[in-house]
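The values are calculated or read from the model by the stated rules, or taken from the named source; none is laboratory data. Small disclaimer: the values here were computed from a predicted structure and weren't measured. Don't worry about glycine lacking a Cβ; one is built from the backbone with ideal geometry, like all the others, and counts go over all protein chains shown. Just the protein is used for accessible areas: all its heavy atoms, side chains included, with ligands, DNA and RNA removed. Shrake-Rupley method; radii C 1.70, N 1.55, O 1.52, S 1.80 Å.
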Amino acid sequence: MDIAKALSLMLTNEGSSTLYQGLNLIKKPGVYHVGVPTISGTGAEVSMTAVLTGPVKKLGLKCEWTVFNQIVLDPDLIASVPRNWWFYTGMDTYIHCIESENGRMNNAYSHAYAEQSMKLCREVYLGENSGQTPENDDKLMVASMMGGLSLTYSEVGVCHALSYGLSKILGTRHCYANCLIMNHLEDYYPEGVAEFKEMVAYHQIDLPQGLSKDWSDDIITQMAHVSYNLPHMWLHAIGDNWQEVITIDLLKDLFRRL
Ligand SMILES: [Fe+2]
């Protein structure tokens, strides 16, 4: 979906897409594009960002023309998503809401969507009716959309900043990377992490630990630098003084927890 959004813009804007990684750098509207999700959770069907991993950075093309002109949400299309990916992608939505809520960009609009999306996530992933059922597929598809709207009008935070570092350097897929990291963010999102762990345990999802023991200091330093260079996320999550709180060493320590 992100590639489709970027492609729509690159058909009308000249040069390499790397020129447009950032906010409002696109000059002209793209071509009409329609999104039909076959997996739910990233919110890419409604978000204003076309996330691209370029030679230097992993950063979205973000502007008012990125969004799909039309989306088709048909829950039958997510019925066959493999169980692990159903969990990881759904948790992306849940994490979007936790991060959108916990930061200074949160507002009445993003809060309303996050609240509803988290309610739906709890119905899908916790309790006796949880699991991959047609009813829950309806809910997850709506939760994904609402989580996407919440983050679009607020911002993501610590988990996504670290996740971008991990994905950029090791190519780890976004939703899975988020889950690996969220597992260790009690210091930042205590309630969200506790509930996330409850969902992991409920569905007996295997999240590997001790990954960092195979990573060199150089790899960890590279990840930390990618994460550090996402000031919009840190400003939202930590505040104006984020550079006093978040240092390369602190980020390296967080990566070593994985
Ligand atoms: Fe995400």
**OP:** Work out how far the C-alpha atoms of region 161-236 reach from end to end along every principal axis, then list the three figures in whole Å, largest first.
**Re:** 35, 31, 20
Original post:
Direction-averaged shadow area of the convex hull around the Cα atoms of region 84-234, nm²?
Top reply: 8.6
Original post:
At 37 °C and 0.692 mPa s, what whole-number value in µm²/s does Stokes-Einstein give for the translational diffusion of the chain, with Rh from the Kirkwood sum over Cα pairs?
Top reply: 177
**OP:** State whether region 69-118 is rounded, prolate or oblate according to the following rule on the C-alpha gyration tensor (a ≥ b ≥ c being the square roots of its eigenvalues): a/c under 1.5 gives rounded; otherwise a/b larger than b/c gives prolate, and the remaining case gives oblate.
**Re:** oblate
Original post:
Accessible area per residue, 1.4 Å probe, Å², for the chain: what's the number?
Top reply: 45
**OP:** Starting from the Cα of residue 168, draw a straight line to each of the lysines and keep only those under 18 Å, dropping any in the same chain fewer than 8 residues away.
**Re:** 57, 58, 252
Original post:
Once you charge only the Cβ atoms, +1 for Lys and Arg and -1 for Asp and Glu, what is the size of the charge dipole of the chain about its Cα centre, to the nearest 20 debye?
Top reply: 740
Subject >> Of all accessible heavy-atom area on the chain, the percent that carbon and sulfur account for (1.4 Å) >> reply: 54
